[in-house]
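The values are calculated or read from the model by the stated rules, or taken from the named source; none is laboratory data. Fair warning: this is a prediction, and the values are worked out from it, not measured in the lab. Heads up, the Cβs are rebuilt from the backbone with ideal geometry, glycines too, and the neighbour counts pull from every protein chain shown.
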Ligand code: GLU
């Protein structure tokens, strides 16, 4: 195949989602691992949409997967392959196997199959097809559309060389039977098409969840029947929640795009995912370039990884802090906050990006400053608006009004200092009521910065409003 040209080996990996729902965090992790491994090796990462199950697949789910890839900047190489468009290819290989006597038509009716299964269960036996039509030579029963079954080995060992788990030996009699490769309506089955496509697409390194490990021997049967070279497999252990259970929706196994809505940055999410089940010493922060340089599936952990929201928040806070203000302006637009033309956006973001764990939080911190308060926290008012508070605010307001050239935080600080000195009061005496006047509550970023961001007019307006409302 295309992967080996005159001794040149190019790593080709793939992500092969079934579009039955949204792209979730576990799927994204294997996609990321596959992407990184291809990129590290100067190879290719391809995307194959496994949309053969017409009843369960949807266009929206495919679009959701593509949208998530776009958001995260994971770009697949070449055209996207859709299994639904490859029936002719699969039919050709089914015919080949039939012609070569490696597959056969099975006329067992549904009722007969159910009966067989029930008998096996009653006898505590593994349920499997009994090979009735494997070497059938008589006249097939009428009225039954046959399925096509592959002749799987009846005994012996199927060895899976796994790059994560080592060699895994399966006994044919324990796990195999002549499984169906084409249904009665001619449609090919999952394990059959995966093996064919991986081969035809030149995929030589398959990284996927270890929930697929039990499919691998079946796929190996297909590879061998068709004389295809078997790819290298890496089966990645699952992601668990803190209780050691498989990750559920509640724990974060939701649509990847929900992470965008919650305010996570692509870098944080990817960095978080790369560390779920893979490590490089004790390094926690990885830029995309570092991931591409350092990722190696041989370092994938052998045991399940634990999903930890605090870690994701910590990484997200790190990436928000590290982002340039221009990047943040752009990112915030996705959360309805438009500050691209705000003249004090630099001060605003410098002040706030240290405080937010998510972009959504950052967006609401921005709003808390930029939107004039419409109400005041009762407790804060009670605490701050006592004694000379109104007089102090009035004095401060008057000084602001006559000052010009107020630009940076320290310009406002000097006026506060004048008031403090003149009235012989502590900073708290002006700070508290001023904070409530400007922000409606007692908490928030440095007042000097808040005022510099708001500008003189808005600051004076908020002070006047607060005096009117609270005196
Ligand atoms: N389509 C399968 C899934 O979405 C993955 C197949 C594979 O990776 O081999 O679970």
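The set of residues in region 206-215 being in contact (Cβ under 8 Å) with a residue 24 or more places away in the chain and under 15 Å from residue 189 (Cβ atoms) consists of 214, 215.
Scanning region 205-229 for residues that are within 14 Å of the ligand (Cβ to nearest atom) and either within 18 Å of residue 301 (Cβ to Cβ) or surrounded by 19 or more Cβ atoms within 10 Å (Cβ to Cβ) (or both) yields a total of 15. Considering only region 373-383, I want to know if a residue exists there that is within 14 Å of residue 454 (Cβ to Cβ) and in contact with a helix residue (DSSP H, G or I) (Cβ under 7 Å, 6 or more places away or on another chain). The answer is yes, given that some residue of region 373-383 is within 14 Å of residue 454 (Cβ to Cβ) and in contact with a helix residue (DSSP H, G or I) (Cβ under 7 Å, 6 or more places away or on another chain). Could you go through region 62-84 and let me know if any residue there is part of a strand (DSSP E or B), within 17 Å of residue 205 (Cβ to Cβ), free of Cβ contacts under 8 Å to residues at least 60 places away in the same chain and in contact with a strand residue (DSSP E or B) (Cβ under 8 Å, 6 or more places away or on another chain). No, every residue in region 62-84 fails to be part of a strand (DSSP E or B), within 17 Å of residue 205 (Cβ to Cβ), free of Cβ contacts under 8 Å to residues at least 60 places away in the same chain and in contact with a strand residue (DSSP E or B) (Cβ under 8 Å, 6 or more places away or on another chain).
Here is a check on your reading of the model: is residue 64 buried (at least 21 other Cβ atoms within 10 Å of the Cβ), more than 22 Å from residue 233 (Cα to Cα) and away from the ligand (no atom under 12 Å from the Cβ)? No: the conditions fail for residue 64.
In region 93-111, the residues that are assigned by TED's automatic domain parsing to the domain that holds residue 151 reach residues that are crowded, with 19+ Cβ neighbours inside 10 Å and assigned to a loop (DSSP other than H, G, I, E, B) with C-beta atoms within less than 7 angstrom, at least six apart or across chains, in these pairs: 104/133; 105/133; 106/133; 107/133; 108/133.
Conditions (1) out of contact with any strand residue (DSSP E or B) (no Cβ under 7 Å at 6 or more places or on another chain); (2) more than 18 Å from residue 219 (Cβ to Cβ), marked per residue:
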position: 102; (1), (2): no, no
position: 115; (1), (2): yes, yes
position: 137; (1), (2): yes, yes
position: 146; (1), (2): no, yes
position: 172; (1), (2): no, no
position: 198; (1), (2): no, no
position: 202; (1), (2): no, no
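In region 17-29 there is no residue that is within 27 Å of residue 258 (Cβ to Cβ), more than 14 Å from the ligand (Cβ to nearest atom) and either in the same structural domain as residue 252 (by TED's automatic domain parsing) or assigned to a loop (DSSP other than H, G, I, E, B) (or both). One residue stands out in region 392-424 among those that are in contact with a helix residue (DSSP H, G or I) (Cβ under 8 Å, 6 or more places away or on another chain) and free of Cβ contacts under 8 Å to residues at least 24 places away in the same chain: the one that is farthest from residue 345 (Cα to Cα), namely 420.
In a residue-by-residue description of region 304-319, the property of being out of contact with any strand residue (DSSP E or B) (no Cβ under 6 Å at 6 or more places or on another chain), more than 16 Å from residue 265 (Cα to Cα) and in a loop (DSSP other than H, G, I, E, B) applies to at least one position.
Once region 5-16 is narrowed to residues that are under 17 Å from residue 233 (Cα atoms) and surrounded by fewer than 23 Cβ atoms within 10 Å (Cβ to Cβ), the residue that is nearest to the ligand (Cβ to nearest atom) is 11.
If you go through region 90-116 and keep only what is part of a helix (DSSP H, G or I) and either at pLDDT below 95 or exposed (fewer than 15 other Cβ atoms within 10 Å of the Cβ) (or both), you end up with 91, 92, 95, 96, 99, 110, 111, 112, 114, 115. Can you find even one residue in region 235-245 that is within 12 Å of the ligand (Cβ to nearest atom), at pLDDT 95 or above and closer than 30 Å to residue 299 by Cα? Taking every residue of region 235-245 in turn, at least one turns out to be within 12 Å of the ligand (Cβ to nearest atom), at pLDDT 95 or above and closer than 30 Å to residue 299 by Cα.
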